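These notes are about the structure you will find just below.
We did not get these values from a lab; they are worked out from the coordinates using the rules stated. Just so you know, these numbers come straight off a predicted model, no measurement behind them. Backbone-built Cβ (ideal geometry, glycine too); neighbour counts: all protein chains shown.
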């Protein structure tokens, strides 16, 4: 097994991989391999497992560890591997990080602990304490829609002084705070700033962010890589049609039905139609029904024409 | 080891026990025994572990299991034991319930899974699926301040039709929904309705609720039992001074400092001053400092005079 | 025109009157008179106009003034009249209060200004400045579901020291804060504490609150007066069936359809069926359609049997 | 008096002007003239009064009308004038629009009515009804931080079909929804899409939005115009240092103190130091004290060097 030697800042498209499942608590190892090959084949710059798209909080710890082991072996150092260790219990986060380190991951990623309502001061203390004990560098993960706690720009700025905290993935969709975060970090060019929502990658990379952890790159890795590269070249004319295709993906596949998790249901449903996983989600989420899958089938056909 | 034979509805004061810790991930077994004897000695009608007051989400799974084993042995059937199995991963909740069943617990308690944003329809499906698989009866736990999802009265009413769902602990503080819940359940007298916030026990028991899972009963179990009994007798004249003492506890001990978890910090700080635990909290919460403990020391002295 | 000499604390059932309209901006003076006679005929202890139930924020200023004039003349001192002056513009609130004073109102009522996001410190400064300039005593109105700012118990306590602030109407439904507010004010027995939601009047009056500003008292004033009186007598046996009737009103009439304003739509729809107003709401709210009115018609028939 | 003939879409920098006050309810006509000359002198493409920055909700109606009259006369058709008519009462909004039309305004701007909690369906009905009756074209104003109701992209898209609704100002800071809104409107190039937060103008104009209604353009109009023009030329190299200066303005002047209105307090405080208004805010907001003004003084000096 090889370890990808990551250099900082991390750059590019790093898909937050879905977790292929056979049932609520059984990993689908066959499709895991197919999916990893498909994604890496699209030219992505890294892989992130156990994020929100990976249904981090719904998986048992034994399954999480199994996923880390298998993914590390399958990736085998071809791209940097990021592993989510988000948890409400500090000791479980640290154990997951140790598993990630044994597998050769490049870094771990942690959203705020999400049960108690913490102040920014408490968040800072928590992250510093966590980072002190981790065997790998830590990427902060700002995900207030799910954790219900935002990492304020000033908080990220303070935490960026910790030697083991090497970046932030901002999935808030809050464009104002994203720009403030980048502004505060403008004198730390090695600190990685990545954006979560697919819709924002074009504009923030144009203005200097390092890349995107975008769910749609599970489905269309090459499209996202092309968009990223046009943005890094500041080629707005080439970027606009690529960004429009990405927005078509988002508006077609992420907003079906009326559940808050329609994004995850949509990505997993679409991947199942592409033969890259089963249409299984872990509780408490439920997969799309055949009716919604029929819509996805149609949208996929439309999108493929344009992509 | 004996099992308390619980009868339904559960009635009375069932303290949500704090978890005595030696450090972030080590149970304080010595104080666990002292604390259990102290609480049961106050005449309470049950004991609830691994609730929010017990820092459920911050504890590793091995510590949770250890706590269940020790508590079950120490309680030894003297009062019904309720065990919190709240988790974001269904399979972990079920495993905790099995440990609880082996220990002779009377029921398990589950708040909504708290990462994804679920609709009421999704919550209903989740709880029904969970209850189907549990080896013990299930008490719903409405805790929107922490889970950020409320169990609506109509949801509780629907779930109350499930044969393995036997009650609800409502910690929302939402008096309107509490009354609606009771109203919807008025033809199911065996369905347990308990209230969380100490401040509400007097009024809701007066109007027919079955009791309270009140944090202050860790500290002053007899006061809460007396209040409960005055309310069940509908003796408002006797109830009012007891309710005032409870409000003094809440306003003195739960609202020190400016953290959202000041309630837990206050209860644990006060118990440490009574010699019933160490002043240790699990991450991400931090214990009160000596300055705040000094305030608690003074308030405890004042309260003891009146109690 | 006579002025009711109010004594403090205000006690009893003080209905928050709906505003009878002919269209978006025309007062229905004929039904205003019928409605006032109907409500006062039920034995209520006061009348409150221009609250949320009165669609305060949707009415033009000229209509608000017209309503104050007509209501004051029609009530003619038989019961204390409370007038809502809630506004985002201080100067408009003061002008409304002057109109209220000219009409002989007993007090004015103001929710927090509801556009800017104010801290408790800013709220305190605002209310003190407002109360300094008012020609009538001021009742605070805690209505966070609509203003999106809560008046914390400590804020009410501080404001209660102002000589011109004589009480609070708490419509938050937050039972914990209600008890804390009462506890903080226990040494100011002349400070009026009234509750908004119909569902809570029974329990808070039992424990010492002074009464309720309950929307259902537009429809069934005598029922609410009876409930209030049973609670003040601490006669729980008599209170429970009355409270159950009130909960039937609330669950039948306030929760039809899926709009957030279903309570107002329900009360006004039901009153229109009783011939006490037209089924007209001011924009941005819209009246229930004939389908929902048919449900109300049926529920009214059922409720009348039991009431 | 001349009227600027606006062409659609509106493009460029359209500052949301502060309202110069002598006291809570008195317009400062002298500084109004100075401020308008200063802003127009910076090359802006329009002027917007009675937005949030203009303290719309805090001003009496007579003052709002006075402001419209004076501003219309002073602008005198040199740039298109937009007038905020946001109100909770439909009839007051329409009256303000008539005043605006008489003054020769190019369009009116309305945020969602902000007391009742409206669904998207109710919002659509409201805006359609409003637009039907307005004497001027209507620009939607998405301001959920203050109205607590967001205009969803699909809602904007539906409303964009109304012949009298000609654009949207999105002040949500929600980058994801901004991109979705633009995507949905990609076949209506004449529909104006403007962004509120200063921090976002660079990136959204790069990707095709029409301009910004940015508060900092009260202070540094030329800087914002230069930034806008670099973005329309897609000259990222020129844009980046201008964007950095804008971010310096935002981070220095908008985030002093801990109030939610620090942005307005900061802009007005800074303008008072530039001699363009008094440091007076309308209730319920309060101006910065001399201590905070001293910080602003220092920041202004720093910024001026770089600008």
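Quick one: Kirkwood hydrodynamic radius for the stretch A:177-307, alpha-carbon pairs, angstrom, one decimal?
It works out to 15.8 Å.
Here, the protein assembly as shown yields an orientationally averaged convex hull projection of 43.5 nm² when only Cα atoms define the hull. Relative to the 2.2 N^0.38 Å rule of thumb, the stretch C:30-173 has a C-alpha radius of gyration ratio of 1.01.
Ranked by the mean number of other Cβ atoms within 10 Å of their residues, highest first, the peptides C:105-115, D:184-194 come out as C:105-115, D:184-194.
Look at the stretch B:175-185: the mean tally of other chain Cβ atoms within 10 Å of its residues' Cβ atoms is 6.
How much of the DSSP bridge set in the stretch B:12-237 is antiparallel, in percent, rounded to the nearest 5? In the stretch B:12-237, DSSP labels about 10 percent of beta bridges as antiparallel. In terms of the mean number of neighbouring beta-carbon atoms within 10 Å, the peptides A:278-286, B:53-61 order highest first as B:53-61, A:278-286. Our note on the geometry: Cα centres of the stretch A:26-101 and the stretch B:18-32, 33 Å apart. Relative contact order of chain C: 20 percent, from C-alpha pairs under 8 Å at least 6 residues apart in sequence. Show log10 I(q)/I(0) for the stretch B:58-131 at q = 0.15, 0.17 Å⁻¹, two decimals, from a solvent-free Debye sum over equal Cα scatterers. Debye intensities relative to I(0), on a log10 scale: -0.52, -0.65. In nanometres and ascending order, the distances from the residue D:26 label point to those of the other copies are 4.1, 7.1, 8.1 (point 7 Å from Cα along Cα→Cβ). Between residue A:102 and residue C:128, the distance separating the two model label sites (each 7 Å from Cα on the Cα→Cβ line) works out to 6.2 nm. The stretch D:153-181 and the stretch C:176-244 have their alpha-carbon centroids 46 Å apart. With the cut-off at under 13 Å, measuring from each backbone N in the stretch A:87-109 to a point 7 Å along the Cα-to-Cβ line of residue B:23 picks out A:91. On a per residue basis, the convex hull of the C-alpha atoms belonging to the stretch C:1-90 measures out at 101 Å³.
Its alpha carbons considered, chain C gives a radius of gyration followed by a Dmax of 18.0, 51 Å. For the pair residue D:37 and residue D:260, a Förster radius of 35 Å applied to the C-beta separation gives a FRET efficiency near 0.65, rounded to the nearest 0.05. On the principal axes of its alpha-carbon atoms, the stretch B:51-93 has extents of 31, 21, 17 Å, going from largest to smallest.
Three principal axis extents of the stretch B:142-188 based on alpha-carbon atoms, in descending order, are 27, 21, 14 Å. Look at the stretch C:111-121: the mean tally of other chain Cβ atoms within 10 Å of its residues' Cβ atoms is 6.
Chain D residue nearest the rotation axis toward C, with distance: D:148, 2 (Cβ to axis, whole Å). For the peptides B:201-210, A:244-253, C:196-205, the ranking by packing is C:196-205, B:201-210, A:244-253, with the highest mean count of neighbouring Cβ atoms within 10 Å listed first.
In the stretch B:1-50, the convex hull through the Cα atoms has an average projected area of 4.3 nm², a quarter of its surface area.
The other copies place their residue D:257 label points at 2.9, 4.1, 4.7 nm from this one, listed shortest first, where each point is 7 Å from Cα along Cα→Cβ.
Along Cα-to-Cβ, 7 Å out, sits the label point; list in nm, shortest first, how far the one on residue A:163 is from those in the other copies. Relative to the other copies, residue A:163 has label-point distances of 6.3, 6.6, 7.1 nm. When its C-alpha radius of gyration is set against 2.2 N^0.38 Å (N residues), the stretch D:179-237 gives a value of 1.12.
Peptide D:92-99 is shielded by partner chain Cβ atoms: per residue, an average of 1 of them sit within 10 Å of its Cβ.
Site pair residue C:162 and residue B:154 shows an inter-label distance of 4.0 nm when each label is modelled 7 Å from Cα along Cα→Cβ. Could you tell me what % of all Cα pairs in the stretch C:102-214 have separations over 16 Å? Percent of Cα pairs beyond 16 Å in the stretch C:102-214: 56.
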